[in-house]
1. Collect the residues in region 314-329 that are in a loop (DSSP other than H, G, I, E, B) and under 19 Å from the mean Cα position of the chain (by Cα), keeping them in residue-number order.
2. Only residues in region 318-329 that are free of Cβ contacts under 8 Å to residues at least 12 places away in the same chain count as the first member; pair them with residues that are outside any strand (DSSP E or B) and surrounded by 14 or more Cβ atoms within 10 Å (Cβ to Cβ), Cβ under 8 angstrom, at least 6 apart or cross-chain, and list the lot.
3. Which residue, of LYS352, LYS279, is open to solvent by 10 Å² or more (accessible area, probe 1.4 Å), of a type in the set (Lys, Arg) and at pLDDT below 95?
4. If you scan region 367-394, which residues turn out to be of a type in the set (A, V, I, L, M) and open to solvent by less than 50 Å² (accessible area, probe 1.4 Å)?
5. With the structure loaded, tell me whether ARG336 is open to solvent by less than 10 Å² (accessible area, probe 1.4 Å) and under 21 Å from the mean Cα position of the chain (by Cα) or whether it fails that test.
6. Of the residues GLY230, GLY205, GLY179, only one is of a type outside the set (A, V, I, L, M), modelled with pLDDT of 95 or more, open to solvent by less than 10 Å² (accessible area, probe 1.4 Å) and not in a helix (DSSP H, G or I); which?
7. Specify the residue that is nearest to ASN298 (Cα to Cα); the eligible residues are those in region 118-135 that are open to solvent by less than 20 Å² (accessible area, probe 1.4 Å) and touching a Lys or Arg at 6+ places or on another chain (Cβ under 8 Å).
8. Considering each of GLU389, GLU410, GLU364 in turn, give the residue that is charged (D, E, K, R), out of contact with any strand residue (DSSP E or B) (no Cβ under 8 Å at 6 or more places or on another chain) and at pLDDT 95 or above.
Amino acid sequence: MSCNSDTERAAAASASQSSSSPLLTSQDHQSAASPAAEVAEPPVFDSSSSIVTNSEDNPSPPSTELEIPIGWPPDGKLSLNWIRNLMSVFDWASRNIEPTQLPDVFPVEVFDSLVLCASKILHKEPNCVAIDNLGSESTVVVVGDLHGQLHDLLFLLHDAGFPSENRFFVFNGDYVDRGAWGLESFLILLAWKVFFPRSVYLLRGNHESKYCTSVYGFEKEVLTKYSDRGKHVYRKCLGCFEGLPLASIVGKHVYTAHGGIFRHMPATPKRSKGKKNRKIAFSPEPSSLSIGSFEELNKARRSVLDPPWEGSNLIPGDVLWSDPSMTPGLSPNKERGIGLLWGPDCTDNFLKKFQLKLIIRSHEGPDAREKRPGLGGMDEGYTIDHIVESGKLITLFSAPDYPQFQGTEERYRNKGAYIVLGPPNFDNPVFHSFEAITPRPKVFVITDL
């Protein structure tokens, strides 16, 4: 099996650069058709039709047929057209077939090949990736929590423009759980990562873990869709989650991560005579908490199914689970039982210490912010939580009308948002808020997400 080379990706760059035009799509935003006993006949589409829009208007049916089932390229190298087809097929399948029929359009063998290619790339990346190959024509799109809301992701990619040689994407994690299409959303992002490994960066969120996915819906989603092969697919996803980097530095002045900042880990004491080099797992006392270094971040062990809340490897849990506060200081995050709470003084110290101007984190939707007095709500998909001498702290959330499925009729009706960073310094955020794609397709079989 082969994965894409830089030369082949460059050949497709110009096509992707101009791909802000819509893609192949399902027929419209109408309610999903009734489930069929067999895979429904896909509609005919044109590459100029809209994949998803935030309007009820629907373009006329196009002329190019979707390729179903999706096959792995014979040479093992993805193309822009392959990814376009993947996105369109997943959109169509979400509206026309039952979840249990997904293997008929995306076979396990193709899943295995895609995850293997992506994992090879991800596992080689450092804990904190440096996105510094930026030029005067470059832009960087930063995306927050997605939570399996496939149609909102497709809209976001269309609205921001597809990844390219000059259009970089940083995804801040939480691709799965609480939405019905976490698997499809994650696979689309893996495909873009394979195609543009130096333009697309997928960071880990706290929901990319065994604990969260077993509680908040992703495990059940995968087992439902792939039935007897579901455990295999789920294990492969968990292995891929372990390879996701924890944070990024965009240009020279922007730090992004799912949760936030992290602590300094004092040197671990060793056992005395007779227990040579045997380390003791411990947690620093809250009174001794201080901000860690990027050297410590890059040395942390991220390849764990669930980041530990105690012991000597606490930095991954900090990066994925921590929250800002309006109370000064650095303290344990007792509400979550893992990670930290940090105040505006810590934001200022962190920015000043590392010569940064901006922190972009995610992790909190409208439900979480409802319980956080003193911090802004998530009505527009973002909040500016700290404004300090050295810069700003922003929380970014990209799942509109969240959560996608809940037992009550009353909803938050929040917008989602993404941020665009542009030259010359890539530290001046431009916010793009958007409404949820409506109406949402009907969800078959999967419940209690």
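The values are calculated or read from the model by the stated rules, or taken from the named source; none is laboratory data. As the structure is a computational prediction, the values presented were derived from the model and not from experiment. All Cβ positions, even for glycine, are placed from backbone atoms using ideal geometry, and neighbour counts span all protein chains on display. These area figures cover heavy atoms from the full protein model, side chains too; ligands, DNA and RNA do not enter into them. Shrake-Rupley method; radii C 1.70, N 1.55, O 1.52, S 1.80 Å.
1. The initial filter retains those residues of region 314-329 that are in a loop (DSSP other than H, G, I, E, B), namely 314, 322, 325-329.
If the condition is that a residue be in a loop (DSSP other than H, G, I, E, B) and under 19 Å from the mean Cα position of the chain (by Cα), then SER322 is the only one that fits.
2. none
3. Within the list LYS352, LYS279, the selection yields LYS279.
4. Filtering region 367-394 for residues of a type in the set (A, V, I, L, M) gives 368, 375, 378, 384, 387-388, 393-394.
Scanning region 367-394 gives ALA368, LEU375, MET378, VAL388, LEU393, ILE394.
5. Taking the combined requirement at face value, the residue does not satisfy it.
6. Numbers: GLY230 fails: not in a helix (DSSP H, G or I); GLY179 fails: modelled with pLDDT of 95 or more.
None of the other options fit; the residue is GLY205.
7. ASN127
8. Working: GLU410 fails: at pLDDT 95 or above; GLU364 fails: out of contact with any strand residue (DSSP E or B) (no Cβ under 8 Å at 6 or more places or on another chain).
When all the criteria are applied, what remains is GLU389.
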